[in-house]
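The values are calculated or read from the model by the stated rules, or taken from the named source; none is laboratory data. No experiment lies behind these values; they were computed from the predicted model shown. Counting neighbours? That spans all protein chains shown, and the Cβs are built from the backbone with ideal geometry, glycine included.
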Amino acid sequence: MARAIVYTDFDGVLNAFPEAESMPSDLYSPERAFRLDGEATVHVGSGAAYRIRWSSELTDALHELACTGAIELQWLSTWQPYTALLNERLGWNAQIIGTVQWYDPITYTGLRDGKYRAVARRVEVEADGGDPAPIVWIDDEECTRTRCDELRASAPVAPVLIVRPDSRIGISPAAVGAHLRVHRESARVRRRDARRRADTARARRPHGLLMRVCAEEHGFAKPLRIFAVQMAVVRRIASIMHGQGNGREKERTP
């Protein structure tokens, strides 16, 4: 079975920008936010330095999924030239974490729609393969309703989930639950399809009921197609993967 492909941004996704003084306290509750217990300053080649903050519980969990082969984890971020530095700070194995080259860091060609084009190309590649993989795209700015509609119109043959976190908390437990549900459902569909192929050669057709294209706003996963993530499932996952949000300053990063 093909493993899930996860494209993740950094700023506003793993590197959260909390504004605790002006935000409601329940935004940072364990049910909505992972605790930000990691902090570092990253010095990039230009001589600039950027403060980053992250949840080690969340980043360790993603890294473990990549290490065990459960997911293919790819950076899709404006930090593209500096992801080696991020891997070092987060404790990620650079040998198994990929970086999508989606824009030119010298001329900035591709910045406008390069992320979407990278995801759309992978959707096409998976459609042409014999065992298409589910795709998860996480970005606090690029995962819009417009991009959702465009991906839907491409008629992917495997489940697709796009998640737009609240940059003040980054990826939430609800979003993690949504990803796990998509991965589990994709496995179920593959088992079903394998049984069908044993009887007859099934013509390829786009996913309808099994396509997930969602946006997450203010810590909640809001479905834009077909189904809502069952909150009972989300709560069970959140009860395992939760923490206390904290922090105050929002920093500019590349």
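Among the criteria (1) modelled with pLDDT of 95 or more; (2) part of a strand (DSSP E or B), the one Pro81 does not fulfil is (2).
In this structure, is Leu58 buried (at least 16 other Cβ atoms within 10 Å of the Cβ) and either part of a loop (DSSP other than H, G, I, E, B) or in contact with a helix residue (DSSP H, G or I) (Cβ under 7 Å, 6 or more places away or on another chain) (or both)? Judged against the criteria, Leu58 is not a match.
Whether any residue in the range 96-109 is surrounded by 14 or more Cβ atoms within 10 Å (Cβ to Cβ), closer than 19 Å to Ile169 by Cα and in contact with a Lys or Arg (Cβ under 7 Å, 6 or more places away or on another chain) is what I want to check. Looking for residues that are surrounded by 14 or more Cβ atoms within 10 Å (Cβ to Cβ), closer than 19 Å to Ile169 by Cα and in contact with a Lys or Arg (Cβ under 7 Å, 6 or more places away or on another chain), one finds none in the range 96-109, hence no.
Residues are listed down the side, and each one gets a yes or a no for (1) in contact with a Phe, Trp or Tyr (Cβ under 8 Å, 6 or more places away or on another chain); (2) surrounded by 23 or more Cβ atoms within 10 Å (Cβ to Cβ); (3) not in a helix (DSSP H, G or I):
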site: Val119; (1), (2), (3): yes, yes, no
site: Glu142; (1), (2), (3): yes, no, yes
site: Thr146; (1), (2), (3): no, no, no
site: Asp149; (1), (2), (3): no, no, no
site: Arg152; (1), (2), (3): no, no, no
site: Ala158; (1), (2), (3): no, yes, yes
site: Leu161; (1), (2), (3): yes, yes, yes
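Condition (residue is surrounded by 15 or more Cβ atoms within 10 Å (Cβ to Cβ), modelled with pLDDT under 60, in contact with an Asp or Glu (Cβ under 8 Å, 6 or more places away or on another chain) and among the charged types (D, E, K, R)) applied to the range 169-190: is it met by at least one residue? Yes: one or more hits.
Return a yes/no flag: does the range 92-100 have any residue that is under 16 Å from the mean Cα position of the chain (by Cα) and touching a residue at least 60 places away in the same chain (Cβ under 8 Å). Yes. Residues in the range 107-120 that are of a type outside the set (S, T, N, Q) and either touching a residue at least 60 places away in the same chain (Cβ under 8 Å) or out of contact with any Gly (no Cβ under 8 Å at 6 or more places or on another chain) (or both): Tyr108, Gly110, Leu111, Arg112, Asp113, Gly114, Lys115, Tyr116, Ala118, Val119, Ala120. Do the conditions hold for Asp104, that is, is it among the acidic types (Asp, Glu), without any contact (Cβ under 8 Å) to a residue 40 or more places away in the chain and assigned to a loop (DSSP other than H, G, I, E, B)? For Asp104, the condition - among the acidic types (Asp, Glu), without any contact (Cβ under 8 Å) to a residue 40 or more places away in the chain and assigned to a loop (DSSP other than H, G, I, E, B) - is met.
Please determine whether any residue of the range 23-32 is surrounded by 18 or more Cβ atoms within 10 Å (Cβ to Cβ), touching a Leu at 6+ places or on another chain (Cβ under 8 Å) and in contact (Cβ under 8 Å) with a residue 40 or more places away in the chain.
If we filter the range 23-32 for residues that are surrounded by 18 or more Cβ atoms within 10 Å (Cβ to Cβ), which is where we start, we get 27-28, 32.
Still in the list and also touching a Leu at 6+ places or on another chain (Cβ under 8 Å): none.
No, because not a single residue in the range 23-32 is surrounded by 18 or more Cβ atoms within 10 Å (Cβ to Cβ), touching a Leu at 6+ places or on another chain (Cβ under 8 Å) and in contact (Cβ under 8 Å) with a residue 40 or more places away in the chain.
Here Val123, Val136 are screened, and the one residue that is in contact (Cβ under 8 Å) with a residue 40 or more places away in the chain and surrounded by 16 or more Cβ atoms within 10 Å (Cβ to Cβ) is Val136. Among the residues of the range 98-123, those that are more than 17 Å from Val163 (Cα to Cα) and of a type in the set (Ser, Thr, Tyr) comprise Thr99, Tyr103, Thr107, Tyr108, Thr109.
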